[in-house]
Amino acid sequence: MTKREMLTSILDKRDLHPLFQPVMDLQHGHLIGYEGLVRGPSDSELHLPQALFRTAERANMLVPLESLCIDVVVTEFLRMESPGKLFVNISPFALLAGALTDNLLKKLLDKKADLRDRLIFEITESSPKMNNAAVVSGLITLREQGFKIALDDLGEGFSSLRLWSDVRPDFVKLDKHFVAGIDKSPLKLQFVRSIKQIAEKSRAIIIAEGIEHRAELMVLREMGICLGQGYFIGYPLKRPETSVSGAAQKCFDANLVSANPWTKVVLQRGRRAHLLLTEVPTVTVTTTSEAALQILLANPEQTVLPVLEGEIPVGLLSRTLVDKFSHGYIRDLYSRKPCTVFMDSNPLIVDMEMSIVELSQLVLMQGQKRFADGFILVRDKIYAGVGSNFALMQEMTKQQIQEARYANPLTLLPGNVPINEQIELLLENEQTFWVCYVDLDSFKPFNDVFGYRRGDELIKLTAEVLLRHVDSDIDFVGHIGGDDFFVLFQSENWESRCMEILAAFDRAMSDFALQEELGVGYYCAEDRRGNRMEYGFPTLSIGIVPVTRNQFQEVHEIAIVAAEVKKEAKKTQGSSLYVDRRSYAGAATSALVAA
Ligand code: C2E
Ligand code: MG
Ligand code: MG
């Protein structure tokens, strides 16, 4: 049988099988509905949608196939009595060629009265050969009939941005390319943030597609992306789950905070635009051009002049007004006209609370032409002042220098400030977590005898051992300085991870002893009073404070207890772990776990 014949037989027998993939509300943790995805007969070459649709296209049978897909998907969805929304796919070609006939829609709507509010049509971008205006008007007609529209696979091709601005879809589905590894790629993160800004302006809801890993889900959620879909949340299935996957649920219930240090830099946290605020004289929409000119002449340092209507900024006059008025005839012609004639009526207006990083992205998107004008700052839409891009660049540089300074130069791990910030974040989230104070024993004599270089190597080795044994998505490793480290665990198996850390450290030390041919296991050095002493090789002490909800209010309270438990751990010879059990209900004593 040729593929064409197979397709004809599929259409005759309605031999199509819908799968449903859950769509999750990333902010609240529940399902909001499903996307219907179609499969051909399981044993056939036309099982996968790509093969099915390619054959239909070649055989000129796309329209009947897509009509049948929609029919089969919606009918099955209603038969299962699934709750929530249903996203169905339709290609622009099929839409224009009339796959959604009135008959089909009527038949489906007759089955369930509220279907109209629950059905969303996902449209992929049109091919360059298609008539874009016709696609736009087709979609608008669909919207007028009360259906919602989603733009599918945004970012996959080139024309989807255009379709976005023309159609103003209710949902925009971000292609999985931008989701895959977003936790590891600052560039993807920036891209998604920009998309989110456009979505906010156009009131579209973003659905992130292809979430396969926990770290991706966490970053997207922290960024404020509303909806998500992907294997990590739920596979496309014949009978889909009615809740999100256990793993996704767990990530949500545990309210995990991402431990990835740079996502914090790129995300909203950090320094905000109000740092750039400058107060300058302003004018109103009724001020004459001549009066505006006089203000600029009287203030030679001022590069822009904001124009207000009441307290709301409506435009920006630039210093070029002075040049323009140097031509006498222009001055004669316009001096009594309102200054609004010369203003840029679409300046960059940003809220004082916007992060510096976000603002810099917006400025870049504005392009070079507007760079000199800077931006207007508002507080709840009310004018507050102006900011210059020069000041913005200074602030960005300062921030970068500070970040470099916050990192420990030897291990490049985050230092005190970011450690405290992460603890604050975990406290704010009312998270259960485990603070580990990690300290080397007998580091000083080791450093004295084997030299600073060896000492540095040992510190780096400790950092590597710690990093290797944490879950980098959710556990945070910081370096306070010297031989002191902090690990903030959200992993529930923190205890076994700590035991592995101790064992790995001891192994590394005995390798070192072998290399130095110090198999005896000790070496001699002078103590603080100058007496010759025998020292064992450095070992690791870990003091642990479990932090449960509402137990601590401030970072420094935790730091005090952490220092105490570290001291306790150090009392035991060899690598050891000491857990503060005071916080556990019922257990009055602290426990010691020797490695
Ligand atoms: P799509 O609409 O963008 O659907 C998402 C695709 O991504 C689906 O592939 C889905 O199974 C897959 N997917 C979901 N989560 C993940 C994930 O975490 N990782 C990865 N790598 N993939 C994931 P599928 O089912 O093979 O469908 C492929 C395409 O075929 C769809 O892309 C859609 O454009 C088209 N298609 C499927 N069913 C229909 C239909 O009924 N009508 C029309 N017109 N097109 C359909
Ligand atoms: Mg789709
Ligand atoms: Mg898609």
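Descriptive notes on the structure:
- Per-residue ellipticity at 222 nm from helix content only, as computed over the chain with -39500 (n - 2.57) for each DSSP H run of at least four residues, stands at -13000 deg cm²/dmol.
- Largest-first principal axis extents of the Cα set of the range 1-129 (Å): 48, 32, 31
- Phi angles of the range 468-479 translate, via the Karplus equation with coefficients 6.51, -1.76, 1.60 and θ = phi - 60°, into HN-Hα couplings of 5, 10, 10, 8, 5, 5, 10, 9, 10, 10, x, 10 Hz per residue; Gly and Pro are given as x.
- Spread over its residues, the convex hull of the C-alpha atoms of the range 406-594 is 122 Å³ per residue.
- Base-10 log of normalised Debye intensity for the range 352-503 (one unit scatterer per alpha-carbon) at q = 0.12, 0.13, 0.19 Å⁻¹: -0.70, -0.76, -1.11
- Loop-resident GluC sites (Glu not before Pro) (DSSP state other than H, G, I, E or B) in the range 286-333 with no more than 16 further Cβ atoms inside 10 Å of their Cβ: 301, 311.
- With the simple model of a label 7 Å out from the Cα in the direction of the Cβ, residue 345 to residue 332 spans 2.8 nm.
- Note, ³J(HN,Hα) from phi for the range 408-424, Karplus 6.51, -1.76, 1.60, rounded to Hz, x at Gly and Pro: 6, x, 7, 9, 6, 7, x, x, 3, 4, x, 4, 4, 4, 5, 5, 4
- Centroid-to-centroid separation of the range 29-86 and the range 421-487 [C-alpha atoms, Å]: 52
- Convex hull per residue volume in Å³, alpha carbons only, for the range 451-512: 71
- Extreme residue, positive dipole direction of the chain, given options 470, 224, 341 (C-beta unit charges): 341
- At R0 = 56 Å, FRET efficiency that the Cβ-Cβ distance of residue 417 and residue 309 yields, to 0.05: 0.85
- At most 12 other Cβ within 10 Å, DSSP loop - GluC sites (Glu not before Pro), the range 1-82: 81
- Label reach from residue 112 (point 7 Å along Cα→C-beta): in the range 61-100, amide nitrogens under 15 Å belong to 70-89.
- Contour minus Cα-Cα distance for residue 57 and residue 398 (0.36 nm per residue): 117.1 nm
- Stretch gain in nm, segment residue 168-residue 557, where the contour uses 0.36 nm per residue and the Cα spacing is subtracted: 135.0 nm
- DSSP bridge analysis restricted to the chain gives an antiparallel fraction near 65%, rounded to the nearest 5.
- Kirkwood hydrodynamic radius over Cα pairs of the range 74-214, then Stokes diffusion coefficient at 37 °C and 0.692 mPa s, in µm²/s: 204
- Eligible lysines near residue 107 by straight Cα distance, threshold 27 Å, same-chain separation 8 or greater: 13, 85, 148, 238
- For the range 3-253, the convex hull spanned by the alpha carbon atoms encloses 126 Å³ per residue.
- Size of electric dipole in the chain: Cβ of Lys, Arg +1 and of Asp, Glu -1, about Cα centre, debye, nearest 20: 1300
- In the chain, Cα pairs under 8 Å separated by at least six residues give a relative contact order of 9 percent.
- Residue-by-residue Karplus 3J(HN,Hα) for the range 232-238, coefficients 6.51, -1.76, 1.60, Hz, glycine and proline x: 5, 8, x, 7, x, 9, 4
- Tensor-based shape of the chain (alpha-carbon gyration tensor, a/c under 1.5 rounded, otherwise prolate or oblate): oblate
- With N the number of residues in the range 209-253, Rg(Cα) / (2.2 N^0.38 Å) evaluates to 1.10.
- With respect to the chain, whose longest principal axis is taken over its alpha-carbon atoms, helix 214-223 is tilted by about 70°.
Quick note: the coordinates plus some simple rules give every number you see, no bench work behind them. From a predicted model like this one, the values you see are computed outputs, not experimental measurements. Here Cβ is always computed from backbone atoms with ideal geometry, including for glycine, and neighbour counts include all displayed protein chains.
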